[in-house]
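The values are calculated or read from the model by the stated rules, or taken from the named source; none is laboratory data. Since the structure is predicted, the reported quantities are computational estimates derived from the model, not experimental observations. Positions of Cβ are generated from backbone atoms using ideal geometry, with glycine treated the same way; all protein chains shown enter the neighbour counts. Remember, those area values only see protein heavy atoms, side chains included, never the ligands or the DNA or RNA. Shrake-Rupley method; radii C 1.70, N 1.55, O 1.52, S 1.80 Å.
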Amino acid sequence: MKFGICKGKTNSGRIQEKCIYEADLDQALDVAGIGYYNIKYCLILAFFIVTSTIEPFGYGFVLPAAKCDLQMNEGQRGIIASIPYIGILASSFPWGYLIDTWGRKRALVYSSLFAGIFSIISAFMPNLITFAVCKLLSSLCISCTAAAPYTYIAEILPPKYRDVAATVMNPIQIMGSALVPLLAWGILSLDFKLEFGIYVFRPWRLLCLAYGSFFIIAAILAYDAPESPKFLMSQNRIEESLNILKIIYSKNKKKALNDYPIKTLKREPNRQTDSYGFRSSLKRQSAPLLQPPYIKWIALNSFLLFGVYANLSGLYVWTPDFVNRIILFGGLNGASACDVIVQELPTNSINNVTCDDSINTNTSLISFTACCLCSIVALPVSISVKVISKKTLISFVLLTTGVCCVLINFVKNGVLLVIFMQSLVMTTLAIGPIGAYTTDIFPTHLRGMAMCLVMMVGRTGAIFGSNLVGSLINTGCVANFYIFGGLLLICAFFSFCLPNDKSKEHDKTSIEITKL
């Protein structure tokens, strides 16, 4: 970092008070500080993460209420519940490419807008096939809204705040997911039926509209957001990046733009700006990730997310239905969870029931309360990452939820069972730290692609989990909880292979100052 001559000021004191002439981007972000600007856009980006959670979690309430209108059995339900992750798997590479070449903000706004449009259209589809097609088209855009915010957040914050910000996104995500049962409770309890020829508009369709609208709201909120200064630097758009840093400084410090002491930014080394065709450019973006030294971190982070999403977006999505069956059965009454779940199954088959578009009120309220309580617990746990490190947090979360998952097979107390089932949402706490590791390890021009690749492989766990539950729920219910619990425990073991936190190293590193 180079300092110019500053009349009336000394070279002593904090870096922010000196007249700085040239700095690299991380140093420039340190000078810009943290305040209104960072908090505002971190909350907007957190909302994108919430929207990407609401859609797949919403299946846990929409599909049971829609099973008769869409003529859907348990096996088909498992396939439909995995559609969001099939779309993410299919589109992660293209979105990763667009995030790194098109821009963080632009990719986020358009992906969220189209995800919302197709999700809303799905509410009006008359049968299972057309409903599934619209959901698939919507899910093709979700990989961007799920992955890009973590990269974007890391690139508008000083390095020492990135780990905390990434992990705090998790309790916000859990709190946001509480909207899923809350909306389900408010909408599915309504009693109306509107006939429009080829389809009947029932409450579950209104619930689909409500969930899809969050994507549109997120796109509107981010429409006027500036681009990531880190992305602009990676594209050698130095002046644009510097102008955004001036805005950050001005908003945070409540000073004029011209008061920002940094006048020029150091260019990123070894960044080529030659034009490439789409195929060659895509290959150039992805090939380094599949070679040493990056491939081992891609594999490890992907496996950890595979285990997280297998439980969170696979098994946990079925939890409202499990709880609903136990409530309708009248509690456990000394039986195990699987005894009640399997015994309740035949009465849920399409041929034996009249279509019921509501879920027991207690089911939605239990899920809502659990999400709220988990978010309260998650906040101090997430903030503690500055003390205990990301690695410790990931290991603790995976170990604890893995044990809870296995214990579900042994519990015969209804209250304790619900606690163990709802505790699976705590696996969300591992997503932020794993995402933070990905942004730490990979350089700027590969970061978006790396995040999408890790998310893509990780989301295959959701496809695996959702279909496994659907196929084993009747024939191997007990095996379900052993498999998912065991997977989390294995992930906890491998999490110890993660590297040390870079943010801690940054805090310990002194900044060398060159006087002009």
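When Cys405, Cys477 are checked against the criterion of being open to solvent by less than 20 Å² (accessible area, probe 1.4 Å) and in contact with a Gly (Cβ under 9 Å, 6 or more places away or on another chain), a single residue qualifies: Cys405. Suppose the filter is open to solvent by less than 10 Å² (accessible area, probe 1.4 Å) and more than 26 Å from Ala450 (Cβ to Cβ); does Ala123 pass it? So Ala123 passes the test.
Sub-8 Å Cβ pairs linking a first residue in the range 234-256 that is among the hydrophobic types (A, V, I, L, M, F, W, C) to a second residue that is assigned to a helix (DSSP H, G or I) and open to solvent by 20 Å² or more (accessible area, probe 1.4 Å), at least 6 apart or interchain, are Ile247/Leu257; Ala256/Ser250, ordered by first then second residue. Any residue in the range 458-473 that is at pLDDT below 80 and under 14 Å from Asn301 (Cα atoms)? Yes, the range 458-473 contains at least one residue that is at pLDDT below 80 and under 14 Å from Asn301 (Cα atoms). Of Leu206, Leu157, Leu194, Leu190, all but one fail to be open to solvent by 30 Å² or more (accessible area, probe 1.4 Å) and modelled with pLDDT of 85 or more; the exception is Leu206. Summed over the range 462-474, the residues that are in contact with a Ser or Thr (Cβ under 8 Å, 6 or more places away or on another chain) and either open to solvent by less than 10 Å² (accessible area, probe 1.4 Å) or on the phi > 0 side of the Ramachandran plot (or both) give a count of 3. The single condition among (1) within 15 Å of the chain's Cα centre (by Cα); (2) closer than 18 Å to Ile463 by Cα; (3) of a type in the set (A, V, I, L, M) that Ala154 does not meet is (2).
Quick one: is Phe118 assigned to a loop (DSSP other than H, G, I, E, B), in contact (Cβ under 8 Å) with a residue 12 or more places away in the chain and surrounded by fewer than 24 Cβ atoms within 10 Å (Cβ to Cβ)? When the stated conditions are applied, Phe118 does not pass them.
A single member of Ile238, Ile217, Ile247 is out of contact with any strand residue (DSSP E or B) (no Cβ under 8 Å at 6 or more places or on another chain), farther than 30 Å from Thr361 by Cβ and surrounded by fewer than 23 Cβ atoms within 10 Å (Cβ to Cβ), and it is Ile247. Answer yes or no: is there a residue in the range 432-439 that is more than 23 Å from Ile327 (Cβ to Cβ) and open to solvent by 10 Å² or more (accessible area, probe 1.4 Å). Within the range 432-439, one or more residues are more than 23 Å from Ile327 (Cβ to Cβ) and open to solvent by 10 Å² or more (accessible area, probe 1.4 Å). Across the range 157-173, not a single residue is classified as in contact with a Ser or Thr (Cβ under 7 Å, 6 or more places away or on another chain) and small (Gly, Ala, Ser). Would you be able to tell me the number of residues in the range 55-100 that are under 20 Å from Gln235 (Cα atoms) and either basic (Lys, Arg) or at pLDDT below 80 (or both)? Total satisfying the criteria: 4. Against the conditions (1) part of a helix (DSSP H, G or I); (2) open to solvent by 10 Å² or more (accessible area, probe 1.4 Å), Val425 satisfies every one except (2).
Condition test on Trp95, is it open to solvent by 10 Å² or more (accessible area, probe 1.4 Å), free of Cβ contacts under 8 Å to residues at least 40 places away in the same chain and either among the basic types (Lys, Arg) or under 22 Å from Ala218 (Cβ atoms) (or both)? No: the conditions fail for Trp95.
Quick check on my filter: what residues within the range 30-62 are without any contact (Cβ under 8 Å) to a residue 40 or more places away in the chain and open to solvent by less than 10 Å² (accessible area, probe 1.4 Å)? Hits for the range 30-62: nothing passes. Within the range 283-303, not a single residue is at pLDDT 80 or above and part of a loop (DSSP other than H, G, I, E, B).
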